[in-house]
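The values are calculated or read from the model by the stated rules, or taken from the named source; none is laboratory data. The structure displayed is predicted, hence computed values, not measured ones. Cβ placement follows ideal geometry from the backbone for every residue including glycine, while neighbour counts extend to all protein chains displayed. Keep in mind that these areas ignore ligands, DNA and RNA; they rest on the heavy atoms of the full protein, side chains included. Shrake-Rupley method; radii C 1.70, N 1.55, O 1.52, S 1.80 Å.
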Amino acid sequence: LLALVEAIQIQSGYISYVRQAEPLGLGHAVWCAREFVGNEPFAVLLPDEQVLGHKPCLAQMMEAYEQVGGNLLSVFEVPHEQTNKYGILDVAPAAAADARLVGVKGLVEKPDPAVAPSNLSIQGRYILQPEVFQHLAAFEKGAGGEIQLTDAMAKLIGNQPFHGFKFEGKRFDCGDKLGFVLANVAYALDRPDMADKVRAALK
Ligand code: G1P
């Protein structure tokens, strides 16, 4: 299986790159970076999702991580009929004092709305413990025939702290053409040096 992974590593200054040679799933993509990460907690950022707010989403999460440690996923509510587009949380009774934190007792990747345990979805920012690589290494296929990060994370629940984090800010799905345009407009309107010009042009 390792032969499937043609990991090209270019190390330049502070940035390292690994190429996922085949689109085998998000879990596989993260697994490709295992040697860079080593045995430390790490963050995953899916760049097709952007959060516009006063404080970057990951910075908010790092503050919460200081309280609870373990694994932390940024989450937001989606319309119930859209649960089959996301990783969905099975929420545990409140365990933390911080109202932005929710306990997680299960995770399901892209469940049919009829069986989805909630409408709280994983957004593209994660803080994870390196033990997730042990589960990713099994290369188990999940939803859509892909190696899912969600399935590997689910195996950590019960062994390590696991929380969802309701971030502050507006989320944009830039993997969608309309979402990409709306994100650009929102970010431009948020910039004092551009807002007036962009507003006038849009009018
Ligand atoms: C991925 C994850 C999913 C998460 C989503 C957020 O799905 O597998 O759990 O909710 O990102 O955008 P994808 O969008 O790659 O299908």
>> Could you tell me how far the Cα centroid of the range 97-150 sits from the Cα centroid of the range 24-55, in Å?
In response: 13 Å
>> Per DSSP helix of 4 or more residues, -39500 (n - 2.57); summed, then divided by the residues of the chain. What does that give at 222 nm, rounded to the nearest 500?
In response: -7000 deg cm²/dmol
> Dividing the alpha-carbon Rg of the range 26-126 by 2.2 N^0.38 Å yields what?
Replying inline: 1.12
> How much length is gained on full extension from residue 45 to residue 195, taking 0.36 nm per residue of separation minus their Cα-Cα distance?
Replying inline: 51.3 nm
>> Straight-line reach only, C-alpha to C-alpha below 23 angstrom: list the lysines that residue 170 could link to, leaving out same-chain residues fewer than 8 apart.
In response: 55, 85, 110, 197, 203
>> Quick check for me: using +1 on Lys/Arg Cβ and -1 on Asp/Glu Cβ, what's the dipole size of the chain about its Cα centre, in debye to the nearest 20?
In response: 460 debye
> With every protein chain kept in the model, how would you rank 174, 57 by accessible area, 1.4 Å probe, largest at the top?
Replying inline: 174, 57
>> Let me check something: with ligands and nucleic acids excluded, how do 66, 131, 77, 109 order by accessible area (1.4 Å probe), largest to smallest?
In response: 66, 77, 131, 109
> If R0 is 30 Å, what FRET efficiency do you get for residue 97 and residue 160 from their C-beta distance, rounded to 0.05?
Replying inline: 0.95
> What is the magnitude of the charge dipole of the range 85-203 about its Cα centre, with +1 placed on the Cβ of each Lys and Arg, -1 on the Cβ of each Asp and Glu, and no other charges, expressed in debye to the nearest 20?
Replying inline: 420 debye
> Counting only Cα, what are the radius of gyration and maximum Cα-Cα distance Dmax of the chain, in Å?
Replying inline: 18.1, 55
>> Solvent-accessible area of residue 61, probe 1.4 Å, all protein chains present, reported in Å² to the nearest ten, please.
In response: 0 Å²
>> Once you place label points 7 Å from the Cα toward the Cβ at residue 180 and residue 55, how far apart are they in nm?
In response: 3.2 nm
> Ordering 17, 126 by how much accessible area each has at a 1.4 Å probe, largest first, what is the list?
Replying inline: 17, 126
> Out of the DSSP beta bridges found with both residues in the chain, what percent are antiparallel (nearest 5)?
Replying inline: 80 percent
>> As I understand it, the dipole of the chain uses +1 on the Cβ of Lys and Arg and -1 on the Cβ of Asp and Glu, about the Cα centre. Which of 143, 60, 39 lies farthest toward its positive end?
In response: 60
> List the lysines whose alpha-carbon lies under 18 Å from that of residue 105, not counting same-chain residues fewer than 8 positions away?
Replying inline: 155, 166
>> Under the rule a/c < 1.5 gives rounded, and otherwise a/b versus b/c splits prolate from oblate, where does the range 115-181 land using the Cα gyration tensor?
In response: prolate
> In square angstrom, what is the accessible area per residue of the range 66-203 with a 1.4 angstrom probe?
Replying inline: 52 Å²
> Which Cα, out of 30, 80, 152, lies furthest along the positive dipole direction of the chain (beta carbon charges, K/R +1, D/E -1)?
Replying inline: 80
> Rounded to the nearest 0.05, what FRET efficiency do residue 17 and residue 67 have when you use their Cβ-Cβ distance and R0 = 30 Å?
Replying inline: 0.35
